[in-house]
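Take a look at the structure set out below.
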Amino acid sequence: MGPHKHDTMVGMGVRCGGMFDELSVHNVSEPDATAVLREAWGIDASLGQPHHGISRRTWQAGSVGWLARESASRLHETQSEARLLSLLSETADFAVPTPIPTVQAQLIAVVGNYAWTLCRHIEGERLDDEPSTYRRLVEILAVIHHRLQDLNPHDSVMRESLLSRAQAALQDAQDALTPTGRAATEWLRGRIAVLYGLPPQIIHGDFGIPNVLVGVNDPTSFGILDWELSSYDSPIFDLAQVAFGMIAFSRAQPHRSQLRVLSRWYAAGGGQTFSEGQLAVALVAGRLANIARLNGRLAHGEAALTASVSFLDERLGRVLQWLGQYP
């Protein structure tokens, strides 16, 4: 998951959206992406190789943008993300994926068993994965949160908050959890209360280097990708995601004291003040909540997510090891 310089709309898993009244529906069981682009958007373009995310697939549509396909079973989330991106594209002082309407002036086309969207490119480049990058990343996060705090709770994408999912995971039968999951719940049980009472707002939900682009000619400008996990939670969960990126993917050598440093940078940028202990708890709670979310989808028959759950479970174990709480 290294950096890619001068990306033009790094569309891995990026969806777009906006306000709409009806969805275009066609009875096709396994539609061809090129045919969908031509029929729904009236665009003939060569598509690149598909990129596979956890639950959606994307293609670069020439110089036009990125075509994304999501299971229609997640139509509520697709609609919610569409409304949020539409709102942000009109009001935010940072860039988000801009939706391209279909020939029927809609921003989502339901073809077969999938919801399809098309987004324009965002100009920019990825931040380098260097220790110094994380200060810039946290400064950007504080700016984003300042803008998002004006939005209403119903503007979030996810129906459940990360905190509520983590709380629910603590009530799960222990024999249904992996050893890592059991260790995480035991560690959280006596600590999660430090997150209660933190003021919630709309957050990004998956903030990190892969979803941030900065301007090539103006490094003070930036764009934010992939809003599908946006929720109504404390901003501490986005900050914890930055910490998670340092632990799981960075070439830096993270140390627990860096949680305190990240919190200080975030507060200096205008964000809320969080303690090192609160950030550590949010780090574990956020990982456990995401595993619980995917386990819920597995229970509804999305067997393709098994590998993703195993991957997240391994990363949760790495977090616990880093905190000195797991063998």
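What follows draws every value from the coordinates through simple rules; no lab data is involved. The shown structure was predicted, so the numbers you read here are calculated from the model rather than taken from an experiment. Cβ: placed from backbone, ideal geometry, glycine included. Neighbour counts: every protein chain shown.
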Compute the distance in nm between two label points, each set 7 Å from the Cα along the Cα-to-Cβ direction, one at Gln149 and one at Thr306. 4.6 nm
Need the full-extension length gain, Thr91 to Thr178, defined as separation in residues times 0.36 nm minus the C-alpha distance. One decimal, nm. 27.0 nm
How high is the relative contact order of region 24-123, in percent, counting Cα pairs under 8 Å that sit 6 or more residues apart? 34 percent
Taking every eigenvalue of the Cα gyration tensor of region 126-322, multiplying by 5 and rooting it, what semi-axes result, largest first, whole Å? 26, 18, 17
Averaging the inverse of every distinct alpha carbon separation and then flipping it gives the Kirkwood radius. What is it for region 51-176, in angstrom units? 17.3 Å
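Ranked highest first by the average count of other Cβ atoms within 10 Å around their residues, in what order do 285-292, 273-280 fall?
Highest-to-lowest ranking by the protection proxy: 285-292, 273-280.
Calculate, in nm to one decimal, what Ser46 and Arg135 gain on full extension: separation in residues at 0.36 nm each, minus their alpha carbon distance. Don't jump to the answer; show the numbers that get you there.
Numbers: separation 89, 0.36 × 89 = 32.04 nm, distance 3.90 nm.
Computed gain between Ser46 and Arg135 is 28.1 nm.
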Hey, how many Å between the Cα centroid of region 47-71 and the Cα centroid of region 98-162? 15 Å
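Highest mean first, what order results for 77-84, 211-218 on Cβ atoms within 10 Å? It would help to have the intermediate numbers written out before the result.
Values: 77-84: 22.0, 211-218: 16.2.
Per-residue mean Cβ counts within 10 Å order the peptides as 77-84, 211-218.
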